[in-house]
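Here is the structure we will look at, set down as structure tokens.
The values are calculated or read from the model by the stated rules, or taken from the named source; none is laboratory data. Predicted, not measured: the structure shown is a model, and the values here were computed from it. FYI the Cβ positions are ideal-geometry reconstructions off the backbone, even for glycines, and counts take in every protein chain you see. We work out accessible area using only protein heavy atoms, side chains counted, and drop any ligands, DNA or RNA first. Shrake-Rupley method; radii C 1.70, N 1.55, O 1.52, S 1.80 Å.
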Amino acid sequence: MSHHGSTLLEWLAQKLRPRPAGPPRPSVPAPAGPPVPGTAWFTADFSSARQWVAGRSWAYPGGGPTNPGDNKLDYLVPDPDYSRGGVFRATRRPDGKWSTGLLTTEGSPEQFTVRTGDILEARVRLPTEIGAWPAIWTWRDGRNEIDIFEYHPDNPDLLELSNHVRGGGHYYTDPAIQPGAWLDLKVEFLARSVVWWVNGVRVYADNTGVGRDWYAYLIVNLSVCAGAYHPAPEPDTTEMSYEVERLCVYRP
């Protein structure tokens, strides 16, 4: 055997010789949950004037501040205390209307829009006061409205889920839905079906969708009912609120 072959055998013997046991390797933790459905294309920062415009929306006649034709007592205000912290507030005014918080991506420097194929996720705390009307929804050019959710505490266990683009809607009831409750919401804006999830459960698919070329701005707000469709606030109620802790849009 050549000197090269002898050296090779010595190297192999060293590799195959048992080694003393070292400290155990830490186990790799299992994933905390299902993978994120795509890239987080938009993460809401309600304090950002680049993302959001406060107290104005073309979903209201003339951009606001009132919308009595939709049976609302709203008087939109840009005051950051009404929306910029993620707590959307309403307070009674001397004239009988309510100062209300609204944020929209329409008209902002970033002009963010959701589009076909996007997935929106949000975590919200429902209001407790009769007359409160919270919502997350979309709007563009007088239409293109998808209601991620609407809620009225007089129907305490019910969420309203609506597609006003191609038609479709559902009243979803569940004991977990109640005044003051925290809910995790997810909506898939698909061309042939809009799909709603509540607390991880798939609750409704409209089988109509938004079409291939749909896109729209986001609106997050707290309205106040005037009494035609749902009760107006009690006379001794002077303020109300709901909270949006998180809102993200994923683009698979």
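Of note:
- The residue pairs whose first member lies in the range 129-156 and is within 14 Å of ASN221 (Cβ to Cβ), whose second member is open to solvent by 50 Å² or more (accessible area, probe 1.4 Å), and whose beta carbons are closer than 6 Å, counting only pairs six or more residues apart or on different chains, are GLU145/HIS164.
- The residues of the range 162-186 that are open to solvent by 60 Å² or more (accessible area, probe 1.4 Å), part of a loop (DSSP other than H, G, I, E, B) and either under 17 Å from ARG125 (Cα atoms) or of a type in the set (A, V, I, L, M, F, W, C) (or both), listed by number, are PRO175, GLN178.
- Hey, TYR204 of a type in the set (Ser, Thr, Tyr) and in contact with a His (Cβ under 7 Å, 6 or more places away or on another chain) or not: yes
- Neighbours by Cβ (under 7 Å, 6+ apart or cross-chain): first from the range 38-58, open to solvent by less than 60 Å² (accessible area, probe 1.4 Å); second charged (D, E, K, R): GLY38/ARG251; PHE46/ARG84; GLN51/ASP45; GLN51/GLU110; VAL53/GLU106; ALA54/ARG84; SER57/GLU106
- Qualifying residue in the range 235-242 (condition: of a type in the set (A, V, I, L, M) and within 18 Å of the chain's Cα centre (by Cα)): no
- Elements of type strands (runs of 3 or more DSSP E) in the range 73-143, at least 2 residues being surrounded by 21 or more Cβ atoms within 10 Å (Cβ to Cβ) and either charged (D, E, K, R) or at pLDDT 95 or above (or both): 74-76, 87-92, 98-100, 102-104, 119-125, 132-139
- Matching residues, the range 187-234, being within 22 Å of PHE42 (Cα to Cα), open to solvent by 30 Å² or more (accessible area, probe 1.4 Å) and not in a loop (DSSP other than H, G, I, E, B): GLU188, TRP197, TYR215, TYR217
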